[in-house]
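> I'd like to ask you about the structure that follows.
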Protein chains: 2
Amino acid sequence: MINKKLILSKRPIGVPKKDTWNLIEEELPNLKEGEMLIENHYVSLDPAMRGWINETRSYIKPVAIGEVMRAGTIGKVIDVKGKTSFKKGDFLSGWGGVQKYLISKGEGHYPINPKNDNLPIYIGSLGMPGMTAYFGILEEGKIKEGDVVLISGAAGAVGSLAGQIAKIKGCKVIGIVGGEKKANYIIDELGFDGAIDYKKDNVIKDIKRECPKGIDVYFDNVGGKILDSALIYLRMNARIVICGAISQYNNVKAEGPNNYLSLLVNRATMKGMIVFDYAHKYSEAMKEISNWIDQGKIKSKEDIYYGIENFYETFLRLFNGDKLGKLVLQIKK
Amino acid sequence: MINKKLILSKRPIGVPKKDTWNLIEEELPNLKEGEMLIENHYVSLDPAMRGWINETRSYIKPVAIGEVMRAGTIGKVIDVKGKTSFKKGDFLSGWGGVQKYLISKGEGHYPINPKNDNLPIYIGSLGMPGMTAYFGILEEGKIKEGDVVLISGAAGAVGSLAGQIAKIKGCKVIGIVGGEKKANYIIDELGFDGAIDYKKDNVIKDIKRECPKGIDVYFDNVGGKILDSALIYLRMNARIVICGAISQYNNVKAEGPNNYLSLLVNRATMKGMIVFDYAHKYSEAMKEISNWIDQGKIKSKEDIYYGIENFYETFLRLFNGDKLGKLVLQIKK
């Protein structure tokens, strides 16, 4: 059997170019005792992946040159040899990487039991983005009823879920998005109280209009000028959750928040989070999010593109904003 | 009787010029029932005063044009009429402003009972800077034994005390200062474990050398490039206490910390503080600091200059670094 796998071929400076990766074909070896052959169906495309291909270690080891590009996946066990962790036919969520097949003893994978054919939700609202939104808004943001919650990247996988959870908890929720379509989406489909289109509007004025009493919790996925604008309108004891900074990931030199002294004036807190710290509580979050979805309280949207050959163009959608909801690359039909 | 008082005459842009204030003479009216005449002996000069003369409200109302410049003071009641809050001869700490005398019913003042003739300590280690250091390092920084604590402005009124308290609590304490004299002072006199001279050394390399395992708590009085350098070496769950930003107070546009994403990678917290929030616990802190001073565990240094006419030149020492310890203007000999 022939595998297709996407190898990191060089470290990008700025926006990755196509030659950052190389798609190669390779014959798969025979399974050894205890090994499984997993066929990947869906690959998760996440902003964090940009950080993983930098040379410097951050919260996780960088992907090495020559290594398969790290990615979350949904796959199916299609062959086993001997006694294995999972059985043939099982669906698994895990770190399968950007490749059609992998041979594994099951490390970094866990079984999923899809109720219907919506497999991609397990790398979206019930996967890493879901966990990030859940623990980020509840445990880091410490939202409480009546809080004014501002969320950037609000039409994305994490932001859309964080906002909906804040609505469930009785907050006033405003989202910042790029484009009218997304602005309508978060209000009409997701039930946000307001939307700010950073591509059209004056973000500073619009935050003031939408949050006239100021912001209790700012959940930041983007960084840059939008973070700086949000800082202006903090309320006393406000919490800023630094979940991501998509506007900065392709910058050689990141741009910090010049208005950070608003933290001092307002006794506010800015705190960074990494979802992996909550791994011991994922199952609890998955159960609750799953219930909210069943009850119709949360809508989950996946934006799915097809073909491992189209990884590069699809990946760029993370940064040019040309997607809605969770970005997924389907590699098996 | 003739009063001399320093009036705010215009709002400065950048470093205040001499004509920001105007020293005027004015005849004092007679005391009315319940009023006291207070003669100010010492005026506290603090970096925060720069913020109070900006037009924009921050955590406290700006000083108005034509108003006496706000300042903490140590004064003595020299006359009273009728039934008053304090009696003739009492020493008071309070918000007396930059003026030789004031007539007051006692609002914003509390009595002090100096053990010896060291009156200025009541606007230093036992005053606002002392309270800031105490609550900043203990309650905001949440220091614990063994923590690596980095402090900027370490030879100043707040930094020197915060560092000494961290030493008492069993931390490793490194100070950042300007100049060799201050570097020697914090090591030899105050018992810091190390010093970085930002005027001479490469701050980034030196933090790495002095804190090879990284920083648990960074207590920031200066902002700017030094804050940005400290961010590089955070340990997991580090706490940054934003107490001040003296490098930024005279900037028209503040410069934010470009390395703020270190908060994300290290799950770290950056939190602003204003000492007034701890007013209900000042007496507790004053008692403990006073004991530490009596036990020789804390050294308190005041840098005293004379003459209300010299306010301007003395005030500038806050920003050009030409002082050691708590800066005080004595206006009565």
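The values are calculated or read from the model by the stated rules, or taken from the named source; none is laboratory data. Every value quoted in this text rests on a predicted model; they were computed, and no experiment measured them. Here the Cβ positions follow ideal geometry from the backbone for every residue, glycine too, while neighbour counts run over all protein chains shown. All accessible areas refer to the heavy atoms of the entire protein, side chains included, with ligands and DNA or RNA removed. Shrake-Rupley method; radii C 1.70, N 1.55, O 1.52, S 1.80 Å.
> Return a whole-number percent for the relative contact order of region A:128-276, with Cα pairs under 8 Å and 6 or more residues apart as the contact set.
Normalised by residue count, the contact order of region A:128-276 is 22 percent.
> Which value in Å does the Kirkwood hydrodynamic radius of chain B take, with 1/r averaged over all unlike C-alpha pairs and then inverted?
20.6 Å
> Another question, then. Loop-only check: which GluC sites (Glu not before Pro) in region B:127-177 are DSSP coil with at most 15 other Cβ within 10 angstrom?
Passing both the DSSP loop test and the Cβ count: B:145.
> If you don't mind, there's one more thing I want to ask. Just to confirm the filter: which trypsin sites (Lys or Arg not before Pro) across region B:63-143 are DSSP coil and have at most 11 other Cβ within 10 angstrom of their Cβ?
Here the sparse-neighbourhood loop sites are B:83, B:87, B:115.
> Moving on. Of A:236, A:222, A:152, whose Cα points farthest to the positive end of the dipole of region A:136-236 (charges on the beta-carbon: +1 Lys, Arg; -1 Asp, Glu; origin at the Cα centre)?
So the residue furthest toward the plus end is A:236.
> Whole percent per 10 Å bin, from 0 to the bin with the longest distance: what is P(r) over all C-alpha pairs of region A:1-141?
11, 36, 35, 16, 2
> Related question: Over chain B, with a Gaussian network built from C-alpha contacts below 10 Å, which listed residue (B:126, B:318, B:264) shows the highest mean-square fluctuation?
Maximum among the listed residues: B:264.
> Follow-up question, since we're still on this one. Along Cα-to-Cβ, 7 Å out, sits the label point; list in nm, shortest first, how far the one on residue B:19 is from those in the other copies.
6.2
> Now for a separate question. May I ask you to report, in nm to one decimal and beginning with the shortest, the distances from residue A:236 to the same position in the other copies, taking label points 7 Å along Cα-to-Cβ?
3.6
> Let me check something: with ligands and nucleic acids excluded, how do A:57, A:209, B:11 order by accessible area (1.4 Å probe), largest to smallest? Display every interim value, and only then the final one.
Working: A:57 160, A:209 135, B:11 70 Å².
Largest to smallest exposure gives the sequence A:57, A:209, B:11.
> Report in % the part of the accessible area of the protein assembly as shown that belongs to carbon and sulfur, leaving out ligands and nucleic acids; probe 1.4 Å.
Looking at the protein assembly as shown in its full context, I get 50 percent from C and S.
> To continue, here is another question. Just want to confirm a number: the relative contact order over chain B, from Cα pairs under 8 angstrom separated by 6+ residues, in percent.
17 percent
> Explain nothing, just compute: Karplus ³J(HN,Hα) = 6.51 cos²θ - 1.76 cosθ + 1.60, θ = phi - 60°, for every residue of region A:156-172 in order, whole Hz, x for Gly and Pro.
3J(HN,Hα) across region A:156-172, in whole Hz: x, 4, 7, x, 5, 6, 4, x, 5, 5, 4, 5, 4, 7, x, 8, 8.
> Would you mind giving the mean number of other chain beta-carbons within 10 Å of the Cβ of each residue in A:227-238, as a whole number?
For this peptide, the per-residue mean of nearby foreign Cβ atoms is 1.
> Using the Kirkwood radius over C-alpha pairs as Rh, can you work out the diffusion coefficient of the protein assembly as shown via Stokes-Einstein at 25 °C, viscosity 0.890 mPa s, in µm² per second?
Taking Rh from Cα pairs, D becomes 88 µm²/s.
> Which one of B:191, B:258, B:207 is farthest out on the positive end of the charge dipole of region B:128-276, using unit charges on Cβ (Lys, Arg +1; Asp, Glu -1) and the Cα centre as origin?
Of the candidates, B:258 comes out farthest on the positive side.
> Moving on. Taking the Cα centre of the protein assembly as shown as origin, sum charge times position over the Cβ atoms of Lys and Arg (+1) and Asp and Glu (-1), and report the length of that vector in debye to the nearest 20.
80 debye
> Looking at region A:232-313, which trypsin sites (Lys or Arg not before Pro) are in a loop (DSSP not H, G, I, E or B) and have at most 15 other Cβ atoms within 10 Å?
When the trypsin sites (Lys or Arg not before Pro) of region A:232-313 are filtered for loop state and at most 15 Cβ neighbours within 10 Å, A:253, A:297 remain.
> Per DSSP helix of 4 or more residues, -39500 (n - 2.57); summed, then divided by the residues of the protein assembly as shown. What does that give at 222 nm, rounded to the nearest 500? The partial results should precede the final answer.
Details: 18 runs with 148 residues, N = 666.
One gets -6000 deg cm²/dmol as the mean residue ellipticity at 222 nm.
> Are any of the pairs B:61/B:225; B:4/B:333; A:142/B:172; A:169/A:287 more than 26 Å apart by Cα-Cα distance, and if so, which?
As for pairs spanning more than 26 Å Cα to Cα, those are B:61/B:225; A:142/B:172.
> Within 10 Å of each Cβ in peptide B:251-260, how many partner chain Cβ atoms are there on average? Round it to a whole number, please.
5
> Rounded to the nearest 10 Å², what accessible area does residue A:324 have for a 1.4 Å probe in the complete protein model?
Approximately 20 Å² of residue A:324 is accessible to the 1.4 Å probe.
> Something else about it: Once a ≥ b ≥ c are taken as the square roots of the eigenvalues of the Cα gyration tensor of region B:167-271, is the result rounded (a/c under 1.5), prolate (a/b larger than b/c) or oblate (a/b not larger than b/c)?
Cα axes put region B:167-271 in the oblate bin.
> Under a 1.4 angstrom probe, counting protein chains only, how are A:103, A:289 ranked by accessible area, largest first?
A:103, A:289
> For residue B:57, go 7 angstrom from Cα along the Cα-to-Cβ vector, then report the distances to that same point in the other copies in nm, smallest first.
Nearest first, the other copies' label points are 5.0 nm away.
> Using each residue's phi in region B:224-234, evaluate 6.51 cos²θ - 1.76 cosθ + 1.60 at θ = phi - 60° and report the 3J(HN,Hα) Karplus result to the nearest Hz, with x for Gly and Pro.
Karplus values, whole Hz, x for Gly and Pro: x, 5, 6, 4, 4, 5, 4, 4, 4, 10, 5.
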